[in-house]
Structure formats: C-alpha cells, structure tokens
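Okay, structure first, notes after.
The values are calculated or read from the model by the stated rules, or taken from the named source; none is laboratory data. These numbers were taken from a predicted model, which means no experiment stands behind them. Neighbour counts are summed over all protein chains in view; Cβ atoms, including those assigned to glycine, are modelled from backbone coordinates with ideal geometry. These area figures cover heavy atoms from the full protein model, side chains too; ligands, DNA and RNA do not enter into them. Shrake-Rupley method; radii C 1.70, N 1.55, O 1.52, S 1.80 Å.
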Amino acid sequence: MRVILLGPPGAGKGTQAGRIAETFGIPHISTGDILRANVRAGTELGTKARSFMDAGDLVPDDVILGMMGDRLGEDDAKDGFLFDGFPRTVPQAEALEKLLIESDQPIDVVLRMLVDTKEVVQRLTGRRTCTGCGAVYHVDYDPPQTDGVCGKCGGELVQRDDDSEDVVLNRLEVYRRSTEPLEEFYWGRGLLRDVEAVGSVDDVGDRIIAILREVE
Ligand code: ADP
Ligand code: AMP
C-alpha cells in the first residue's frame, strides 16, 4: 500500500507513522528525518538543507526530489510506503506522480489529518524528540517516564531547533502557502480522505487504520 500522510507540522504524522507502518508492513519514510540525519552526519545534502530547516522554510524542490528519487529506489519501498512530510509542494507532487506512473506504483490514498492551528502550536512548542531513535514525546500530552530520557531507547530528549515559537509560526505559514494546495491536487484525483486528528493517540491511530483497511 502506498500512503501519504498530509497535515500541518504537529498534526501527529510522526506519532502515528510507526503503528501504521508496522500494521501494513510498509516503510515509514519521513523527509524531515532523512534531512535531520544528513544534517547530523554533515553530508553535502545536510549542508544544503540546514539553513532552510533552521528558518522553518522548505528545502528546495530539486534537493528533495533527488533525495526521494534515491530513497524510492531502495528495495524496501518496492511494495509500498508511508510518506510523512512529502510531498510538500505541488511541483513535488507532480514529480512524484510522474515517477510512480513510470514504475506503475500509484498512490492509494492521501490521509489529511485535521487539527486546528492553536492545537498544533501547543503540540509543537511542547514536543521533545529523542536524539537516539527519533521517538517523539510531549511535555504535557505524552511525557516520558523519566524527565529528558527516552523510554524506548534511553536516549536524550531535546527540543528541535525549529520547534521554537517564532519558527513554528513560520512553518505553519509556509504550510498554508505551499502545502495546502496539495489538498485540491489530491482531491481532484479522488485520493483525499480526512481523519480527525484530535483525541488520544490511540483513538487517532484507530481511525487512520480503519480508513486504510477500507482502501487496502
Ligand atoms: P508531525 O510529525 O505531524 O509534525 P508529531 O507526530 O511529531 O507531528 O507530533 C507533534 C507533537 O504532538 C508531539 O509532541 C506529539 O507527542 C504530540 N501529539 C501527537 N499526537 C497527539 C495527540 N493525538 N494528542 C496530543 N498530542 C499529540
Ligand atoms: P518535518 O520533520 O516534516 O517537520 O520537516 C522539518 C523540516 O525539513 C521542514 O521545516 C523543511 O525545512 C524540511 N523538509 C522536510 N520535508 C520537506 C519537503 N518535502 N520539502 C521541503 N522541505 C522539507
């Protein structure tokens, strides 16, 4: 199954991705995670992406498309995938569509995660991310058992540089301007499905899985 999770930063895409990927046996491919790993490793890609990410702006389409072309060529993506954070612009969606048509692997569904702006600002400014395994927590909504320590791998929990309030506000504006047009793009192709992304993590996950079972 080929699934795109669409929704503003803070909608809960990363939080839900692990369960979905496990349930359907598909890899979770997060462009943000790949970019952050490249920034940490100091690769050429990471160097190109860093200033855009720090400012909460989008990394240029050509950089993202080169990176995702490589990722889609890997063996584990041959039978499906769950995209989180990609595509984020209409040109990215068009390029992806072309690539998938060529390999006869069309997208099955685009899940739009619905959550209002006030809630995503609270989620993002309280998010803590594990430097070891990338797991996400929230200081109020989903705190770790031990302050600052990941319950899954024992890694250190930190606040992402781009989760400060000023950068969060820019990211939401960038989402509205550059990514929201994808809703119409995918609606026009009959692929868009909505999921209410407010409530407990388990309830949101149950709703997502129910929709995916319908389109499976
Ligand atoms: P995204 O990947 O869409 O940017 P995340 O999955 O990282 O978003 O979630 C952002 C923050 O919101 C995290 O701190 C996470 O713990 C929290 N969160 C995720 N889902 C929920 C939910 N259903 N209710 C409350 N907080 C949530
Ligand atoms: P995320 O982890 O999805 O919140 O992404 C973090 C940052 O990585 C974004 O604010 C962008 O700077 C960059 N990024 C991630 N995915 C993309 C994409 N598909 N296109 C452009 N930039 C991206």
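Descriptive notes on the structure:
- Exactly one residue out of 27, 8 is under 17 Å from residue 114 (Cα atoms) and open to solvent by less than 30 Å² (accessible area, probe 1.4 Å): that is 8.
- Residue 75 closer than 22 Å to residue 39 by Cα and among the acidic types (Asp, Glu): no
- Of the residues making up region 57-86, those that are open to solvent by less than 30 Å² (accessible area, probe 1.4 Å), of a type in the set (Gly, Ala, Ser) and farther than 18 Å from residue 6 by Cβ number 1.
- Identification of helices (runs of 4 or more DSSP H) wholly contained in region 1-94 with 3 or more residues that are under 14 Å from the mean Cα position of the chain (by Cα) yields 13-24, 31-41.
- Segments classed as strands (runs of 3 or more DSSP E), wholly inside region 107-148, with at least 3 members that are touching a residue at least 12 places away in the same chain (Cβ under 8 Å) and either open to solvent by 40 Å² or more (accessible area, probe 1.4 Å) or more than 16 Å from ligand 2 (Cβ to nearest atom) (or both): 109-114
- Selection within region 13-24 - surrounded by fewer than 24 Cβ atoms within 10 Å (Cβ to Cβ) and not aliphatic (A, V, I, L, M): 14, 15, 18, 19, 22, 23, 24
- For region 87-104, a residue qualifies if it is within 16 Å of ligand 1 (Cβ to nearest atom) and either open to solvent by 10 Å² or more (accessible area, probe 1.4 Å) or of a type in the set (A, V, I, L, M, F, W, C) (or both), and exactly one does: 88.
- Checked against (1) more than 10 Å from ligand 2 (Cβ to nearest atom); (2) touching a helix residue (DSSP H, G or I) at 6+ places or on another chain (Cβ under 8 Å), residue 101 passes all but a single condition, namely (2).
- Within region 90-102, residues that are more than 15 Å from residue 6 (Cβ to Cβ) have Cβ atoms under 6 Å from residues that are surrounded by 13 or more Cβ atoms within 10 Å (Cβ to Cβ) and not small (Gly, Ala, Ser) in these pairs: 91/61; 95/65, counting only partners at least 6 apart in sequence or on another chain.
- Residue match in region 163-173 (condition: modelled with pLDDT of 95 or more, away from ligand 2 (no atom under 16 Å from the Cβ), surrounded by 16 or more Cβ atoms within 10 Å (Cβ to Cβ) and of a type in the set (A, V, I, L, M, F, W, C)): no
- For first residues located in region 198-214 and hydrophobic (A, V, I, L, M, F, W, C), partners that are within 11 Å of ligand 1 (Cβ to nearest atom) and open to solvent by 80 Å² or more (accessible area, probe 1.4 Å) and lie 6+ apart or on another chain with Cβ distances below 8 Å form the pairs 204/196.
- Subset of region 196-216 (residues that are more than 11 Å from ligand 1 (Cβ to nearest atom) and not in a helix (DSSP H, G or I)): 216
- Residue 92 out of contact with any strand residue (DSSP E or B) (no Cβ under 8 Å at 6 or more places or on another chain) and within 16 Å of ligand 2 (Cβ to nearest atom): yes
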